[in-house]
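Since the structure comes first, as structure tokens, the remarks are kept for the end.
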Amino acid sequence: MSAILSIRNLGKSYGSGARVLDDVSLDIEAGEIFALLGPNGAGKTTLISIVCGIVNPGEGHVLVGGHDIVRDYRAARALIGLVPQELTTDAFETVWATVSFSRGLFGKPANPAHIETVLRQLSLWDKRDAKIMTLSGGMKRRVLIAKALSHEPRVLFLDEPTAGVDVQLRQEMWQVVRGLRESGVTVILTTHYIEEAEEMADRVGVIRGGRLVLVEEKAALMRKLGRKELRLILQEPIPAVPPALGAYDLALSKEGTELTYVYNMKAERPGITSLLEDLSAAGLRLRDVTTRESSLEDIFVGLVGERA
Ligand SMILES: Nc1ncnc2c1ncn2[C@@H]1O[C@H](COP(=O)(O)OP(=O)(O)OP(=O)(O)O)[C@@H](O)[C@H]1O
Ligand SMILES: [Mg+2]
């Protein structure tokens, strides 16, 4: 199989001379969901920005569908959809108008049937005539995805699609991404959340200090990660763990407001998705869900044996 995206020896320094990307090489196969994990400032957005032609590559080459992103920019860019990390929307436009307009920017002829397909796929069809400012945050995010898909790209970049969104919306986003893959789009997403990579990705890349320190099949990576801790902060305190949740071996905090789920990626234990479903079925409402923020960092350090 040939790669839809091929990155070779990419390097980048900004004006200050600081090295932001260093000798990054990566091939993405068509139809993959690839998750790029890494701490703040690791270079994820810079990497995406170079592939999308927003930032100039310092050194190296990138091919999208065989087109060089510098020499053959238009052909390469036409194959790419980008949902940027920073959310921006045109408040006063309707959903239909803004998504159709995005398609026009790529010089593609109007195709109402395609726009309809995209809006239906993202559950935005009923909102097609609504002004964007009247939509919820989750809907606005989906409008950005619809815009990025308006010109029928083959590769979609999602730069932290679930940063700062609640559990329900995060799961909704995961559904959307799976649906996109089924429709034949290759998806590359960045995230800070190991859980997200676990749920979504076929392969995972870890970037750290501008270097791609690891690229691996998700299943293999998850086996290496081992123990993980998920903290579920409840809206209301409970006296005891409901019997229906017995299978998860949850620990309840003294105040009754926090459940901790310790799990091992290797073990055949119920996954996080089913845990969240069962929590909700047991009538427990969540205020927040966290994994220890440092744990990802710890894992990286353990995995690559070096400090940033
Ligand atoms: N325009 C710029 N000029 C100078 N330095 C920059 C510029 N854009 C990014 N950087 C630096 O490049 C490094 C990588 O930034 P980048 O935005 O790619 O990280 P990231 O992995 O996307 O981080 P985050 O998880 O916070 O989004 C950071 O040190 C950042 O300060
Ligand atoms: Mg970023």
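Descriptive notes on the structure:
- Values of log10 I(q)/I(0) for the chain across q = 0.10 Å⁻¹ run -0.62, by the Debye formula with one identical scatterer at each alpha carbon and no solvent.
- Straight-distance candidates among the aspartates and glutamates for linking to Lys131, with alpha-carbon spacing under 14 Å and chain neighbours fewer than 8 residues away dropped: Asp90, Glu93.
- Cα-Cα over 31 Å, subset of Lys44/Lys228; Lys44/Lys108; Lys147/Lys228: Lys147/Lys228
- Entry note: the stretch 95-152 has Rg to Rh equal to 0.93, where both radii use alpha-carbon atoms and Rh is the Kirkwood radius.
- Kirkwood-Stokes translational diffusion coefficient of the stretch 1-76, alpha-carbon pairs, 25 °C, 0.890 mPa s, µm²/s: 191
- Highest average packing first - 232-238, 19-25, Cβ atoms within 10 Å: 19-25, 232-238
- For the chain, the antiparallel share of DSSP beta bridges with both residues in that region comes to about 65%.
- Calculated from backbone phi, Karplus (6.51, -1.76, 1.60) coupling profile of the stretch 15-21 in Hz, x at Gly/Pro: x, 5, x, 5, 7, 9, 10
- In Hz, Karplus ³J(HN,Hα) per residue of the stretch 243-249 (6.51, -1.76, 1.60; θ = phi - 60°; x = Gly, Pro): x, 4, 9, x, 4, 8, 6
- Highest average packing first - 39-46, 177-184, Cβ atoms within 10 Å: 39-46, 177-184
- Value in Å of the Kirkwood radius, where the stretch 134-196 supplies the Cα pairs that are averaged: 12.2
Taken together, the values in this text are just the output of simple stated rules run on the coordinates, not laboratory data. What you see is a predicted model; the values in this text were computed from it and never measured. Positions of Cβ are backbone-derived with ideal geometry, glycine not excepted, and every protein chain shown enters the neighbour counts.
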